[in-house]
Amino acid sequence: MKIVIIGNGMVSYKFCEKIISKLSAQAAEIVVFGEEPRPAYDRVHLSEFFAGKTADDLLMAPADWYASNHITLHLGDPVQQIDRNTKTVHSYKGITEAYDYLVIATGSSAFVPPIPGVDKKGVFIYRTIEDLELMRDYAPKAKRGVVIGGGLLGLEAAKALLDLGISDTHVIEFAPRLMPRQIDESGSRILEQQLKQLGLQVHTNKNTSEVIGEDTITGLQFADESILEADMLVISAGIKPRDELAKLSGLETGHRGGIVVNEYLQTTDPEIYAIGECALYHGMIYGLVAPGYEMAEVVATHIAGEAQQKTFTGFDMSTKLKLIGVDVASFGDPFVPAETSRSIVFEDTMKGVYKRISITNDGKYLLGGILIGDADAYNMLLQTSKNKVILPPNPEDVLLGARGGSQEAGPGVLGLPDDAIICSCESVSKGAICTAVEAGNETLDAVKKCTKAGTCCGGCTPMVKDLITGTMKAQGKYIRNVICEHFAYSRQELYDLIRIKDVRSFDEALDHYGHGDGCEVCKPVVASIMASLWNDMILDKGNDVVQDSNDRFLANIQKGGTYSVVPRIPGGEITPAKLLVIAQVALKYNLYTKITGGQRIDLFGAHLSDLPDIWEELIAAGFESGHAYGKALRTVKSCVGSTWCRFGLHDSVSFAIQIEERYRGLRAPHKIKSAVSGCIRECAEAQSKDFGIIATEKGWNLYVGGNGGSKPQHAILLAADLDSETCIRYIDRFLMFYIKTADPLTRTATWLNKLDGGITYLRNVLVNDSLGIAEELEKEMQALVDKYKCEWKEVVDNPELRKRFNHFVNAPGAKDPTVKFDTMREQKKAAEWK
Amino acid sequence: MSTAISTNTTVEWFYACNVIDVPPNGGVCVKYDDVQIALFRFARRDAWYATQNMCPHRQQMALSRGMTGTHDGEPKVACPFHKKTFSLEDGRCLSDETECSLTTYPVRVENEKVYIGIMQEA
Ligand SMILES: Cc1cc2nc3c(=O)[nH]c(=O)nc-3n(C[C@H](O)[C@H](O)[C@H](O)COP(=O)(O)OP(=O)(O)OC[C@H]3O[C@@H](n4cnc5c(N)ncnc54)[C@H](O)[C@@H]3O)c2cc1C
Ligand code: SF4
Ligand code: FES
């Protein structure tokens with residue numbers, strides 16, 4: 001049997017993979033023609049090309065995969081003609097191949113509307129690696145980028161322009177709202193708001209009438225006479241199935257494009273199949289990869305003549321937008337008419353979250369929905385609707401319970417039936433995954449290898465992970481993260497052991513609970529636990545050498561090997577006299593100065609041997625260590641608050657100073673940041689902090705588990721309208737509970753996300769004292785607060801410790817001669833490293 | 001890698017510092033003319049190691065300030081910049097096969113004084 005495949009895209013590749021697993025190499029001869037110069041690659045993750053992935057990284061399989069599976073692959077050689085009488089195809093390079101079965105998998109191309117001027121320089125489409133290479137080369141010249149099309153792909157393209165460094169990027173949508181096919185009016189409004197914050201300007205209701213410019217684009221002209229200047233344009237106005245070859249050979253095609261197929265994906269010639277984005281089934285083109293893979297499976301079983309024949313009966317078109325920085329997802333049928341369903345809407349315009357689900361009138365089943373701003377629950381909801389899982393008595397729980405990672409609402413992924421499809425790209429069921437885990441595949445990688453789940457779009461990995469832990473727990477296995485080869489305990493276990501045995505040095509910990517010499521993983525963990533428990537001077541008792549390098553020298557190491565110095569400036573409030581001291585020290589020791597994001601001043605470029613002298617001067621002027629080097633409380637930012645601000649409800653600065661001074665020097669599993677805002681305008685950005693406080697008419701709202709940085713996350717309200725004293729008691733409990741139970745190097749946000757029961761559980765423990773430990777937590781915190789001392793003062797006053805701050809042991813005071821600086825804007829900077 | 005000393009090389013032992021100058025289970029940087037050498041003391045196993053102070057990754061004079069430890073019993077140091085780890089026995093990079101190896105030096109301790117051996121061509 002000879003099978004010829006036209007096109008080597010994602011679906012073609014998947015078909016090859018499936019057919020060779022069903023037929024032996026002898027039984028079938030397989031020939032593939034691809035028009036693109038490289039073998040099939042992952043178009044779904046095309047945009048990652050701009051995030052550093054190479055064309056090779058994106059390949060579905062290396063070029064030699066085809067040869068080693070006896071597949072003949074002709075690249076850069078499109079098929080130009082199908083001769084159905086002789087059952088042969090003819091390629092551009094002159095190859096003629098006969099076939100028994102022909103599979104057309106030619107995908108689609110970008111649809112370019114017939115607007116005058118689209119052929120100008122600076123106009124691009126977004127479909128292939130070559131398109132992206134062209135964009136990448138052109139982007140440095142462009143100041144303003146525009147994308148025509150506010151759908152799924154258009155928004156992804158717009159994000160790509162931002163990533164290419166074009167900060168002034170606009171999206172033009174013809175319809176009155178964004179993503180008109182997936183989401184509703186209110187959802188679009190919220191999405192638009194969120195995109196604005198990312199720096200994308202959105203224009204809806206805009207009909208582009210011309211691309212203007214000589215031979216290079218200079219702008220867009222719209223039907224309403226307005227003009228938008230631009231020097232780069234990406235058109236993403238939809239897709240056009242590549243049906244030209246089929247049309248030419250007399251196969252039936254739809255009048256709006258697409259090769260007509262039946263439920264076996266046969267075209268009007270039963271020996272010719274069409275699969276993927278070029279196929280038109282029941283008047284519909286399936287522009288997603290998962291239905292394409294399903295089509296590949298159906299055709300493979302058909303050709304292989306398997307006993308159990310499959311048919312294609314349509315496919316769920318649920319989607320989640322990746323990459324853009326705002327979660328957007330729709331699942332099931334997002335537009336069920338009101339007569340046949342009820343809908344539940346959750347909207348938080350301040351946070352930019354909009355969720356709407358439709359449920360049956362009897363409240364039993366989930367039909368579909370839309371999630372904007374927070375789509376964590378997407379997979380779960382999708383499976384709940386697809387598998388017709390019966391909803392909990394209060395269906396709104398499936399929406400609201402998803403906050404803060406709470407698993408309490410509904411039975412979670414473990415409650416799904418065994419045949420529920422978890423990985424829709426690869427059609428892997430829950431049962432298959434659990435069986436794999438039971439057979440001993442207990443890591444994500446092992447499950448991926450064994451079942452292929454999670455190997456395509458990756459969207460199901462959180463559910464797969466939950467299934468792994470769930471299955472292992474059900475088998476009575478105890479799951480814990482041991483620290484490293486030297487300590488067979490989790491951080492929480494070690495914390496308890498060190499406390500109970502009153503361990504005060506790393507060597508003691510190793511003697512009692514570990515073996516070997518320790519390493520760069522366990523040393524800082526033990527050091528941090530001891531610091532959190534005892535608040536002893538961290539450089540004492542031989543513990544200096546087990547501190548992370550920054551803690552060991554009480555400063556942050558920077559490029560070139562010099563250090564930066566950050567004195568504490570509580571709440572960001574500083575007197576002019578103290579500012580003067582900082583300036584004098586910086587001048588004297590030739591330091592680069594910069595205001596930090598945490599409202600203090602960072603002094604860079606200090607030689608190791610200068611550190612004690614610098615601190616001696618700072619301490620004399622009343623400064624103390626800012627612990628910028630430690631996994632410890634960093635800053636408590638504040639807005640100006642009621643002392644000056646006309647909106648201020650309370651004095652946010654005084655409260656921030658009080659809090660910063662209370663928790664200064666507190667060592668924790670990771671750094672801790674905080675902020676206090678004087679009113680709901682939130683100028684101090686308290687909701688992006690590990691704990692944040694916002695003034696209300698009646699007191700303070702306390703938020704916990706927020707994060708800025710690389711994985712931003714809003715903090716969640718723990719308790720509202722607290723008086724100052726209660727607020728501090730709750731913070732005591734929160735921080736102490738976090739310190740005692742978090743894994744090493746886990747920020748509060750991640751800790752809370754992983755906490756069983758999420759915010760509901762945390763609130764029960766901290767506010768309702770469900771474990772009866774609140775008083776103990778407060779006491780432990782008070783003991784740490786009482787023991788606080790400035791570490792730098794202790795070093796400055798101790799000649800033995802001061803000695804450790806030398807570059808050369810045999811030439812004290814001598815500076816590292818290899819340290820080099822350059823100059824920039826009248827200050828020094830570290831010489832660039834190689 | 002062979003550490004055997006062939007007949008036409010001799011080792012010059014130079015005095016680096018005293019035992020008490022080096023923190024137990026830590027490192028210091030020793031100046032030998034224009035060369036910077038990182039010296040490590042494994043107090044728990046009473047062993048000493050010396051390597052070049054420069055981390056080959058970004059050419060930073062930093063290894064003496066790195067954290068020491070073992071991996072399957074093999075002594076190692078982690079660079080404070082990007083945590084690449086190097087064997088103190090033969091200098092090879094343990095966390096990245098493509099990284100260059102460190103030069104290592106023999107160490108001798110006599111009467112609480114620490115000496116580092118430098119190969120000399122005869
Ligand atoms: C930027 C971007 C993001 C996307 N994101 C998602 C997403 O998040 N989720 C999702 O499900 N889908 C997504 N898609 C859609 C997904 O990539 C497609 O559904 C999928 O690639 C379709 O596969 P295919 O094999 O049918 O077509 P293609 O991957 O387009 O492959 C068809 C191949 O056939 C070749 N060809 C055409 N004519 C001939 C000929 N005559 N001879 C030889 N070769 C020919 C073409 O050059 C092409 O290489 C995205 C697409 C893009 C462009
Ligand atoms: S948060 Fe409120 S009180 Fe504070 S500065 Fe902003 S507007 Fe003023
Ligand atoms: S400089 Fe040493 S690991 Fe990068």
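Within the stretch A:553-597, which residues are part of a strand (DSSP E or B), touching a helix residue (DSSP H, G or I) at 6+ places or on another chain (Cβ under 9 Å), among the β-branched types (Val, Ile, Thr) and open to solvent by 20 Å² or more (accessible area, probe 1.4 Å)?
Filtering the stretch A:553-597 for residues part of a strand (DSSP E or B) gives A:556-557, A:563-565, A:567, A:592-595.
Then keep just the ones that are touching a helix residue (DSSP H, G or I) at 6+ places or on another chain (Cβ under 9 Å); that gives A:556-557, A:563, A:565, A:567, A:592-593.
Those still in the list that are among the β-branched types (Val, Ile, Thr) too: A:557, A:565, A:593.
Passing the criteria: A:ILE557, A:THR593.
Hey, any hits in the stretch B:21-42 for a residue that's at pLDDT 90 or above, more than 12 Å from chain A (Cβ to nearest Cβ) and closer than 28 Å to A:ALA527 by Cα?
No, there is no match, as no residue in the stretch B:21-42 is at pLDDT 90 or above, more than 12 Å from chain A (Cβ to nearest Cβ) and closer than 28 Å to A:ALA527 by Cα.
Those residues that are at the interface with another protein chain (Cβ under 7 Å from one of its Cβ atoms), of a type outside the set (Lys, Arg) and open to solvent by less than 20 Å² (accessible area, probe 1.4 Å), I need them from the stretch A:518-548; list them, please. Talk me through it step by step, then tell me what you get.
Start the filter on the stretch A:518-548 by keeping residues that are at the interface with another protein chain (Cβ under 7 Å from one of its Cβ atoms), which leaves A:518-520, A:523, A:542, A:544-545.
From what's left, of a type outside the set (Lys, Arg): A:518-520, A:542, A:544-545.
Those that are at the interface with another protein chain (Cβ under 7 Å from one of its Cβ atoms), of a type outside the set (Lys, Arg) and open to solvent by less than 20 Å² (accessible area, probe 1.4 Å): A:GLY518, A:CYS519, A:ASP544, A:VAL545.
Quick one: which strands (runs of 3 or more DSSP E) lie wholly within the stretch B:40-122 and hold at least 2 residues that are open to solvent by less than 40 Å² (accessible area, probe 1.4 Å) and farther than 21 Å from B:ILE20 by Cα? Show your work before the answer.
Details: elements: B:47-52, B:67-71, B:74-78, B:85-87, B:107-110, B:113-121.
The strands (runs of 3 or more DSSP E) meeting that bar are B:74-78, B:85-87.
Here is a list: A:GLY518, A:GLY470, A:GLY476, A:GLY514. Which entry is in contact with a Ser or Thr (Cβ under 9 Å, 6 or more places away or on another chain) and small (Gly, Ala, Ser)?
Working: A:GLY470 fails: in contact with a Ser or Thr (Cβ under 9 Å, 6 or more places away or on another chain); A:GLY476 fails: in contact with a Ser or Thr (Cβ under 9 Å, 6 or more places away or on another chain); A:GLY514 fails: in contact with a Ser or Thr (Cβ under 9 Å, 6 or more places away or on another chain).
Unique residue meeting the criteria: A:GLY518.
Matching residues to (1) at pLDDT 95 or above; (2) within 12 Å of ligand 2 (Cβ to nearest atom):
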| residue | (1), (2) |
| --- | --- |
| A:LYS588 | yes, no |
| A:LYS594 | yes, no |
| A:PHE647 | no, yes |
| A:VAL653 | yes, yes |
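Mind checking which residues of the stretch B:9-20 are open to solvent by less than 40 Å² (accessible area, probe 1.4 Å) and more than 9 Å from chain A (Cβ to nearest Cβ)?
At the first step, the residues of the stretch B:9-20 found to be open to solvent by less than 40 Å² (accessible area, probe 1.4 Å) are B:9, B:14, B:16-17, B:19.
Selection gives B:THR9, B:PHE14, B:VAL19.
For the stretch A:205-226: of the residues being among the β-branched types (Val, Ile, Thr) and not in a strand (DSSP E or B), which is most open to solvent (accessible area, probe 1.4 Å)?
In the first step, residues of the stretch A:205-226 are kept if they are among the β-branched types (Val, Ile, Thr); the result is A:208, A:211-212, A:216-218.
Going one step further and asking which of them are not in a strand (DSSP E or B), we end up with A:217-218.
Details: A:ILE217: 5, A:THR218: 78 Å².
Here the answer is A:THR218.
Within the stretch B:22-80, how many residues are more than 27 Å from A:ALA831 (Cβ to Cβ) and of a type in the set (Asp, Glu)?
3
In the stretch B:25-39, what residues are open to solvent by less than 10 Å² (accessible area, probe 1.4 Å) and over 21 Å from A:PHE506 (Cβ atoms)? Write out each step before concluding.
To start, the set of residues in the stretch B:25-39 that are open to solvent by less than 10 Å² (accessible area, probe 1.4 Å) comprises B:26-27, B:29-30, B:37-39.
Of everything in the stretch B:25-39, those that are open to solvent by less than 10 Å² (accessible area, probe 1.4 Å) and over 21 Å from A:PHE506 (Cβ atoms) turn out to be B:CYS29, B:VAL30, B:ILE37.
Counting just the residues of the stretch A:1-27 that are assigned to a strand (DSSP E or B) and either free of Cβ contacts under 8 Å to residues at least 12 places away in the same chain or in contact with a helix residue (DSSP H, G or I) (Cβ under 9 Å, 6 or more places away or on another chain) (or both), which one comes out farthest from ligand 2 (Cβ to nearest atom)? Spell out how you get there, then give the answer.
As a first pass, look at the stretch A:1-27 and keep what is assigned to a strand (DSSP E or B): A:2-6.
Among the residues that remain, those that are also either free of Cβ contacts under 8 Å to residues at least 12 places away in the same chain or in contact with a helix residue (DSSP H, G or I) (Cβ under 9 Å, 6 or more places away or on another chain) (or both) are: A:3, A:5-6.
Details: A:ILE3: 67, A:ILE5: 62, A:ILE6: 62 Å.
Per the criteria, the residue is A:ILE3.
Please enumerate the residues belonging to the stretch A:640-681 that are open to solvent by 10 Å² or more (accessible area, probe 1.4 Å) and either among the polar types (S, T, N, Q) or within 16 Å of ligand 3 (Cβ to nearest atom) (or both).
A:SER642, A:THR643, A:SER654, A:GLN658
If I filter the stretch A:132-146 for residues that are closer than 27 Å to A:PRO334 by Cα and not acidic (Asp, Glu), do I get at least one hit?
Let us first name the residues in the stretch A:132-146 that are closer than 27 Å to A:PRO334 by Cα, namely none.
No: zero hits.
Among the listed residues A:ARG804, A:ARG825, which satisfies the condition of being on the phi > 0 side of the Ramachandran plot and either free of Cβ contacts under 8 Å to residues at least 12 places away in the same chain or within 14 Å of chain B (Cβ to nearest Cβ) (or both)?
On the way: A:ARG804 fails: on the phi > 0 side of the Ramachandran plot.
Criteria check complete, one pass: A:ARG825.
From the list A:GLU660, A:GLU682, which one is within 31 Å of the chain's Cα centre (by Cα) and not in a loop (DSSP other than H, G, I, E, B)? Write out each step before concluding.
Values: A:GLU682 fails: not in a loop (DSSP other than H, G, I, E, B).
A:GLU660 is the lone residue from the list that is within 31 Å of the chain's Cα centre (by Cα) and not in a loop (DSSP other than H, G, I, E, B).
Within the stretch A:354-396, take every residue that is over 25 Å from the mean Cα position of the chain (by Cα) and charged (D, E, K, R) and give me the one that is nearest to A:SER424 (Cα to Cα).
A:LYS386
Find the residue count for the stretch B:55-76, including only residues that are over 27 Å from A:GLY514 (Cα atoms) and facing chain A (nearest Cβ under 8 Å). Let's see the steps before the verdict.
First, the residues of the stretch B:55-76 that are over 27 Å from A:GLY514 (Cα atoms): B:55-62.
This time we only want the ones that are facing chain A (nearest Cβ under 8 Å), so: B:58-62.
Of the residues in the stretch B:55-76, 5 are over 27 Å from A:GLY514 (Cα atoms) and facing chain A (nearest Cβ under 8 Å).
Anything in the stretch A:750-780 that is touching a residue at least 60 places away in the same chain (Cβ under 8 Å) and in contact with an Asp or Glu (Cβ under 7 Å, 6 or more places away or on another chain)? List them, or say none.
A:GLY757, A:THR760, listed by residue number.
Checking the condition among the aliphatic types (A, V, I, L, M) and in contact (Cβ under 8 Å) with a residue 60 or more places away in the chain, which residue from A:VAL585, A:VAL526, A:VAL566 passes? First the steps, then the outcome.
Values: A:VAL585 fails: in contact (Cβ under 8 Å) with a residue 60 or more places away in the chain; A:VAL526 fails: in contact (Cβ under 8 Å) with a residue 60 or more places away in the chain.
Of A:VAL585, A:VAL526, A:VAL566, the one residue that is among the aliphatic types (A, V, I, L, M) and in contact (Cβ under 8 Å) with a residue 60 or more places away in the chain is A:VAL566.
The values are calculated or read from the model by the stated rules, or taken from the named source; none is laboratory data. Everything quoted here is computed from the prediction, not taken from an experiment. For neighbour counting, all protein chains shown are included, and Cβ atoms are generated from backbone atoms with ideal geometry for every residue, glycine included. For the accessible areas, the whole protein counts, side chains as well, though only heavy atoms, and no ligand, DNA or RNA atoms are used. Shrake-Rupley method; radii C 1.70, N 1.55, O 1.52, S 1.80 Å.
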